[in-house]
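The values are calculated or read from the model by the stated rules, or taken from the named source; none is laboratory data. As the structure is a prediction and not an experimental result, all values here were calculated from the model. Backbone-built Cβ (ideal geometry, glycine too); neighbour counts: all protein chains shown. Remember, those area values only see protein heavy atoms, side chains included, never the ligands or the DNA or RNA. Shrake-Rupley method; radii C 1.70, N 1.55, O 1.52, S 1.80 Å.
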Amino acid sequence: MNGRWLAAILAMAVSNGALADPVKILFVGNSYTHGRYTPALNYNAGPGDAVGSTLVHDLLCPSLPCTGAEGVAPVVPTNANTPGSTLLAKLAYLQANASHDYSEVGPFGGVAGIFLQFTKEAGLDYDVSLIAVSSATLKGYSNNTGSEAGDLPLIESAQYSQVILQDQTFEPLPTSITVNGQSVPTRGNPTSFLNGVTALINGIDAADLAAHLPYATITLAQTPPLGSYGYLSSNPAEPIFGTSTQAQQGGNPAYAPYLGDADPMGAMAGDLHNAYESVAATYLAAHPGKSEVNVALDGDAWVTAMNWGVAQRNPFLTQEPFFQLDLWDSNPLLACCTVPVGYHPSVYGDYLNALMLFGQITGINPIWLVEEYLPSLPGHRTAADALGINPLTATSLAFVAEQTLIAGAPVARPPLVVCWSERWAECRK
């Protein structure tokens, strides 16, 4: 992979011209893919019938206005418009009055929208489409039932040369783990994960074969760990509240399985890493000559950020560490009432995930998206600017992504300071 990176970077240095035909790419996933909150949720988003490649084609919003699940006008809960004298009372009200819940209104952009902007910043021509249903699993898409019903024909299409598949966060986990010598259930269903991936890739390959086209390259996007799966909260401003929590499941440890582990976020990310890599290897071994399948280690980059002190490990601390990012969401009113805070990515988490996908898919070092390395390209770092991410933070996250991509795993310590001023190939000497 590293050789492919270097070739891509050298080619880019020679010419920043766009490709003759756009690279057509499809993102398939859930709320982690479409982004749970603004500004990422609708960033660079367009309906499915949007003309050209300047916006993400949200295929579940065929035209404006969106209808169905995406078409409900949102009531964004705030302290001012949510009844209740305390935060817990407000959360209880939201849980009892679903119509007042924050709703996600399409068209969606999310991580796909950020990725699209990165390709523009790099002078590439990508045509990005998106299929993302909140809480969807890859097995659900392959079954073509429930909330994912009707989406399978859109996925099993011969239109795309690249397809990204992202499962629900806990689905790939082992069914149980060992924490402090005790076996703990996880809500994981690795068999379902493998079957969903296999069925979708087989369907995509069959469509490509029927159309006499090369098989699409498949990228499995490893989700990051969940703060609420490894920590309790004594912070009254960020209570762990929601139906997908240990507290509201009668203390069921499966809703916080890594609680008590010496490094809960590292342990969960490690289990996700192994699950995604194992499924990719299993598919390739069973289907030689079919689609290339690789893994974007998004979750590993989160652990690198934590190891370096760029991001905090525990999102529920009363006093947050100075100058450390919260890669998770932190507004309990928005998170309510199916998941707690510390579950979905914040704008920083979405940005880091998109950096990892950009590096894995294009073969171009994410450092090139930092202003210092792109002085000649107009509109560089526009994704960070649009999302409210300052240049220092964008630079830090780009280095985190770079080093994780090089290592293929979380990095324990940041590289020497001298390397930070050089391009990635120099750092590796």
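The distance separating the Cα centre of segment 135-175 from that of segment 184-243 comes to 9 Å.
What shape does the chain have by the C-alpha gyration tensor, where a ≥ b ≥ c are the square roots of the eigenvalues, rounded means a/c under 1.5, and otherwise prolate means a/b greater than b/c and oblate the rest? Rounded is the answer for the chain, as its axis ratio a/c remains below 1.5. Amide H contacts of V23 (H built 1.01 Å from N, in plane; Pro and chain starts excluded): D125, Y126, D127 sit under 5 Å, all sequence-distant by 5 or more or on other chains.
Phi angles across segment 395-405 convert, under the Karplus curve 6.51 cos²θ - 1.76 cosθ + 1.60 with θ = phi - 60°, into 3J(HN,Hα) values of 5, 4, 5, 5, 5, 4, 5, 4, 5, 5, 4 Hz, Gly and Pro given as x.
Spin-label pair Q319-Q249: with each label point 7 Å from Cα along the Cα-Cβ axis, the two points sit 3.3 nm from one another.
Less than 13 Å Cβ to Cβ from L357, Lys/Arg counted +1 and Asp/Glu -1: what total charge do the surrounding residues give? Surrounding charge for L357 is -3. Each residue of segment 174-190 was assigned a 3J(HN,Hα) from its phi angle through the Karplus curve 6.51 cos²θ - 1.76 cosθ + 1.60 (θ = phi - 60°); the sequence is x, 5, 8, 10, 10, 10, 6, x, 10, 7, 10, x, 10, 6, x, 9, x Hz, with glycine and proline shown as x. Summing charges over all other residues whose Cβ lies under 14 Å from the Cβ of G196, with Lys and Arg as +1 and Asp and Glu as -1, gives -4.
Here the accessible area is traced with a 1.4 Å probe on the protein chains. For segment 149-258, carbon and sulfur cover 54 percent of it. Only the Cβ atoms of Lys and Arg (+1) and of Asp and Glu (-1) were treated as charged; on that basis the dipole of the chain about its Cα centre amounts to roughly 440 debye.
For I164, the residues 5 or more places off, or on other chains, whose built amide H falls under 5 Å of its own are L26, F27, V28, T219.
Remark on W328: its backbone amide H falls under 5 Å from those of S346, a criterion applied only to residues 5 or more positions apart or on other chains, H modelled at 1.01 Å from N.
Taking the protein heavy atoms of segment 312-368 in the context of the full set of protein chains, the accessible area attributed to carbon and sulfur is 56 percent at 1.4 Å.
Beta bridges assigned by DSSP with both partners in the chain are antiparallel in approximately 15 percent of cases. Per residue, the chain exposes 38 Å² of accessible surface when a 1.4 Å probe is rolled over the protein heavy atoms with every protein chain present. Site-free segments of the chain were taken between GluC sites (Glu not before Pro) in DSSP loops having at most 16 other Cβ atoms within 10 Å, sites themselves excluded; the longest one is 1-291. Determine, for the chain, the count of lysine pairs separated by eight or more sequence positions (or lying on different chains) whose alpha-carbon distance falls under 27 Å. The number of close lysine pairs in the chain is 4.
The phi torsions of segment 161-167, fed into the Karplus equation with coefficients 6.51, -1.76 and 1.60 and a -60° offset, translate into couplings of 8, 9, 9, 9, 10, 10, 8 Hz, rounded to whole numbers, with Gly and Pro shown as x.
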